[in-house]
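Okay, so here's the structure we're looking at.
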Amino acid sequence: MRKMILSLAALALVASPALAGKYNSKLSAGDKAPKFTGVKSIENGKEVSLSLEDIKEDVVVVTFFANHCPVVVACEDRTIELASSYKGKSVKFVAICCTDDASPTAKVDDLEAIKAKVKEKGYSFAYGYNPAGDIGKAYGAKVTPEYFVLDKTRTVKYLGAMDDSTMNESGVKKTYLKDAINAVLAGETVEIEETRATGCGVQYKR
Amino acid sequence: MKRPISSTTLLVSLILILGCTEDPGTSINPTPTDVIKPAAVDPIVEAKKAEPAPTPVPPVAPEVTPKAEDPPKAEEPKSETEVPKAEILVQGCDPAADDADGVALELVKFAEYSKRVVNKDAKLTMVDIWATFCGPCKENYPHVLEMQKKYAAKGLKVISLTIDDAGDPKAVSDARKFLIEKKSKITNLILDESEDDKYNKLDLSVIPAVYLYDPSGKLIKRYTYDDPNDQFEYDQVEKEVSDFLDGKPFPAKKKAK
């Protein structure tokens, strides 16, 4: 009997990465974060190549953004502020845009536009462009903005929305993303591991 | 929807509560030319216009930023005989009460929405979920209206549902302007729920989305962007709706992932 339970548990362990989250069709909390390498990005005004394995910080926040998206615009400042609030702590934010370069909004979403945006808004973190969309698809990101918190082992500890009122800051009651980052930093359990990210559908290459 | 309540508003509300039957008056119905004054142009919309759209659609009108001296007409009672139109945005009242050029926008709670998708006379009720902040929704909206024209005789009823913030007068006003501009003479609803509730009650993450209901109001099909590898297109919706109305079943769901 005990053996059976153990084997069932083993099966569950093996099977779990294949199970999607409640809202995410690819990932759930506890899954290994998909790697990404060589993403053309803008950081501190310069073009850099962004790779997950090059990041040394303990906590990584991967967020999917798109300049054209009013929902991103609505929480962009909050995101930049939040990232800046971890200055001196081992947290690194990265933003990635997966808008297809043939999309009507590519002009405002592509690397050139990102460069202008980073300068205008004073982004304190790297913001990359992945027109192939493979990174967003691997993360199961369906909207912008959508956030993923990874721990030191690059396991997904949180996925979903920034808070419970993305479009309207004054309505925010629950700061999911901030709470998750703080929990991971403190080595505590993340209480809410997944929320529904809402926003603009990512305009993936079809 | 917090705003100072004037005596006119109170009076009108009273009349409405008593039966919603009073003639709301016609003197301040905004006409499309009235409300669509391009005061400021959204640079993004402009940028988008510069690019060829993937499907030919009528040009998107420039977004309007209401000027201080040009508040939504709906909330500007000029005399005792005129009606503050926004106050008529209450559920249960005659939709025509909010009529502007045959276009009405009704404020509904989710419970009321669930009743509106029950249409015994229609073979299929199609709800297009949109918002003024959603570019692709606005681009595809003419296609939605076209479907109502094309398939109404075959038993399709089309409803538009905006998830714009019903508590934000500007958002409501912009949504109305858009519907008036598009001549959306169908049932146009705006959902009066908190941001979280809106998405959760609709089981929605991203718009555009199209939901199909059977005559009893049962949700039988969802077209969404939920799966990054299988984002829907309106042409696909039209094809499947058309086939369904002709008696063919919906195609089996593609295998996820």
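The values are calculated or read from the model by the stated rules, or taken from the named source; none is laboratory data. Because the structure is predicted, anything quoted here is derived from the model rather than measured. Cβ coordinates were reconstructed from backbone atoms using ideal geometry, including for glycine residues, and neighbour counts include every protein chain displayed.
Here are the numbers:
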read-out	value
Inter-residue pairs, beta-carbon under 7 Å, first more than 12 Å from every other protein chain (Cβ to nearest Cβ) and over 12 Å from B:ASP230 (Cβ atoms) and in region B:244-257, second at pLDDT below 90 and not in a helix (DSSP H, G or I), 6+ apart	none
Inter-residue pairs, beta-carbon under 7 Å, first in contact (Cβ under 8 Å) with a residue 40 or more places away in the chain and in region B:224-240, second assigned to a helix (DSSP H, G or I), 6+ apart	B:TYR234/B:ASN140; B:TYR234/B:HIS143; B:GLU238/B:MET147
Those residues of region A:115-132 which are farther than 10 Å from A:ILE96 by Cβ and either buried (at least 17 other Cβ atoms within 10 Å of the Cβ) or of a type in the set (S, T, N, Q) (or both), in sequence order	A:LYS115, A:LYS117, A:VAL118, A:TYR123, A:SER124, A:PHE125, A:PRO131
Given (1) within 11 Å of another protein chain (Cβ to nearest Cβ); (2) modelled with pLDDT of 95 or more; (3) out of contact with any strand residue (DSSP E or B) (no Cβ under 8 Å at 6 or more places or on another chain), number of the condition A:PRO34 does not satisfy	(1)
Odd one out for A:THR198, checked against (1) out of contact with any Ser or Thr (no Cβ under 7 Å at 6 or more places or on another chain); (2) buried (at least 24 other Cβ atoms within 10 Å of the Cβ)	(1)
All positions within region B:207-218 that are out of contact with any helix residue (DSSP H, G or I) (no Cβ under 9 Å at 6 or more places or on another chain) and either facing chain A (nearest Cβ under 9 Å) or in contact (Cβ under 8 Å) with a residue 24 or more places away in the chain (or both)	B:TYR213, B:ASP214, B:PRO215, B:SER216
Test set (1) outside any helix (DSSP H, G or I); (2) at pLDDT 95 or above; (3) not acidic (Asp, Glu) - B:ALA166 fails condition number	(2)
Some residue of region B:169-191 being in a loop (DSSP other than H, G, I, E, B) and within 14 Å of another protein chain (Cβ to nearest Cβ)	no
Total residues in region B:130-161, condition closer than 30 Å to B:GLY247 by Cα, touching a helix residue (DSSP H, G or I) at 6+ places or on another chain (Cβ under 6 Å) and within 14 Å of chain A (Cβ to nearest Cβ)	2
Matching residues, region A:141-191, being within 11 Å of chain B (Cβ to nearest Cβ), among the aliphatic types (A, V, I, L, M) and in a loop (DSSP other than H, G, I, E, B)	A:ALA141, A:ALA161, A:MET167, A:VAL172
Scope region A:94-122; condition assigned to a loop (DSSP other than H, G, I, E, B), of a type outside the set (S, T, N, Q) and within 21 Å of the chain's Cα centre (by Cα); matching residues	A:CYS98, A:ASP100, A:ASP101, A:ASP110, A:GLY122
